[in-house]
Structure formats: C-alpha cells, structure tokens
Amino acid sequence: MMKLIRMLFRGIRDAFKSVFRNFSLSIASVSCISITLIVVAISLVASLNVNSFTESIKKDVTIVVFVKSKATDLEFTNLYEKIKEIDNVDTVTPKTKEQAKEEMMKESDVLASVMGDWDDDELPLKDSFTIKVKKLENIKDTVKEIKGIELIDTVNYGESMVEKMLSAFDMIEKVTIVIVIALILVNIFLIVNTIKLTIFSRKREISIMRLVGASNFSIKYPFVVEGMVIGMIGSIIPILLIIYGYTYLYAHFDGVLFSNLIKLINPQPFIYIVSLVVLAIGVVVGMIGSSRAVRKYLKV
C-alpha cells in the first residue's frame, strides 16, 4: 500500500515537471480543457437552476377540497384524518367556513360590509382543505382517491394546467440533460484529441522507453498522471468562475431572475458541489485522453 502511495506521489511530482518541461504543449491542452470546462460549468449551473425552478413550481401546486355543507365538525375532523392517511399526500391544511369568511373580509372592505351581518349558520361558504402532494406525477390518482371519500363535495386542482405544466417540465428536464451530456461528450472529444497531439509530439520519448524494455504500464502511467494534472490545472479557471461568478450573480439579482417565481439556487453549498463535478470531469477526461493517446494513437 505504501509503495503504491509513493508511486502515486512520485508520478504526480514527475507529471508537474513534465508539464513545465513541455510548457507550450501543456498550455495548449490546459487552455482547451479550461475553455471546454467553462462551457460545461455554465451548462451545469443553468440546467440545475432550471430543474430547481421546475421542482419549486411543482411543490406549489395545491389541491383544494370542498366539504359538503351537511358535514358536522366531528365529520370534518375525521375527513382531515382520512386525507392525511393517503400515501401521496404531503400536507393538509383545514379551513372552516368561518375562517374563510374572516380571510375574505380582511381582503376587501366591500366583502367585510356585506358579510359582516351574516350569522355563521347563514354562511354560503363551505369547509375546505388545501392539500400539497409529494409527487405531482401521481396527483390524478390522489384526487381520485380523495373524491371517493364520503362527504367530499368538489375537488379542484387545475387539471388541464397541471397536465400541460408536467408535460412542459418533463420536456425541459430531458432537453437540459441531453444538452449537458452532449456538451460533455463534445468536450471530451476535443480534450482527448488535444492531449493526443501533445503526446504525439513526444513519440521519440516513448520510443526510447520501449527500447530500454519498459512495460506498457510503465510507459502509460506517467502520461496518465500527467493527463490528470493537466485536467486539474485546466479546472482552476472554470472553478473560480463558478465560485465568484455565480456568487456575484446571485447577490446582484438578490437570488431571483425576472420575478420572485424564478429563484436561483443558494450558492452555499451549490457552487462547491458544481466545482467538484467540474474538477472530476477535468481529471477523468485528462486521464482518459492520455491513456487513449498512448494506447491507441501511438500503438503502444
């Protein structure tokens, strides 16, 4: 184990030396990785914020359930317990017709003057429940189950709007995933080919290593570690852009875009998670690029 750790550290040390020894070629690889990772980073930040926005909209969708007028207070309480037991129900907020009256009177002076003389027994309003579900995709089944409960009068949740919204959000999520994956694949292709060119220029060095009897692993290992180091260095600018750029953007717009409906993800710990992802992509792609170049391009 200790031998393996020493070999790893020695490989990293030699990789840094090699990077500076072949500075001009390394700069080309690092620049390519930086530019492509910036594109990936922006795409990741944008897609994750879009997905966060769609999830927050989903959570705001509510079901409004009205109870039949003949239901007693005890029956209203029992209905509350029955609805809470439904699997997909997240929260249930009961509202009596008296509470509804008070809220309406607070909202309008006209309603206050009209409804102020009504006795509780004369109220044309109904007791109700406001319900939020755990999974919006299962809202239809949840509504069907609620409608099957005795003493439930009507159930409203904007069926047509919710279905259109689910369809739109599903498409947005799929499109953002496809875009990010496509960008990552294109960037991998660009980075791999740039590193191939870098290693091709050192063909003589590899030929000498083969002539002295070095094994395939001994030849590939330094280049793979070098690719990892180049990936790490190339990740620095994108990571700084994420940390400082996104933090500035969030502070400048007070955490929202265009309106309070579109809220940005809080920078903490979001920027560090995305930074780690970008770093991982840079390191892995750098290692893959070097490995493929040595194994296939140079026919080692």
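Where a number appears in this text, it was derived from the coordinates with a stated rule and is not lab data. The model shown is predicted, which means the values in this text are computed figures rather than measured ones. Please note: Cβ atoms are built from the backbone with ideal geometry, for glycine as well, and neighbour counts cover all protein chains shown.
Using per-residue counts of other Cβ atoms within 10 Å, averaged over each peptide, order 224-230, 46-52, 282-288, 180-186 from highest down.
Highest to lowest by the protection proxy: 224-230, 282-288, 46-52, 180-186.
What is the distance, in nm, between label points placed 7 Å from the Cα along the Cα-to-Cβ direction at T91 and at D153?
Going from the T91 label point to the D153 one covers 2.5 nm.
Would you please put 69-75, 171-177 in order of how densely packed they are, using the mean number of other Cβ atoms within 10 angstrom per residue and starting with the highest?
Output ranking for 69-75, 171-177: 171-177, 69-75.
Let a ≥ b ≥ c be the square roots of the eigenvalues of the Cα gyration tensor of the range 43-100; is it rounded (a/c under 1.5), or, if not, prolate (a/b larger than b/c) or oblate?
Taking the square roots of the gyration eigenvalues as a ≥ b ≥ c, the range 43-100 is prolate.
I want to check the label-to-label distance for V284 and Q99. Put each point 7 Å from Cα in the C-beta direction and report it in nm to one decimal.
Roughly 4.9 nm, to one decimal.
For the residue pair S207 and D254, what label-to-label distance in nm results when each label sits 7 Å from Cα along the Cα-to-beta-carbon direction?
Each label point is offset 7 Å from its Cα along the Cβ direction, giving 6.8 nm.
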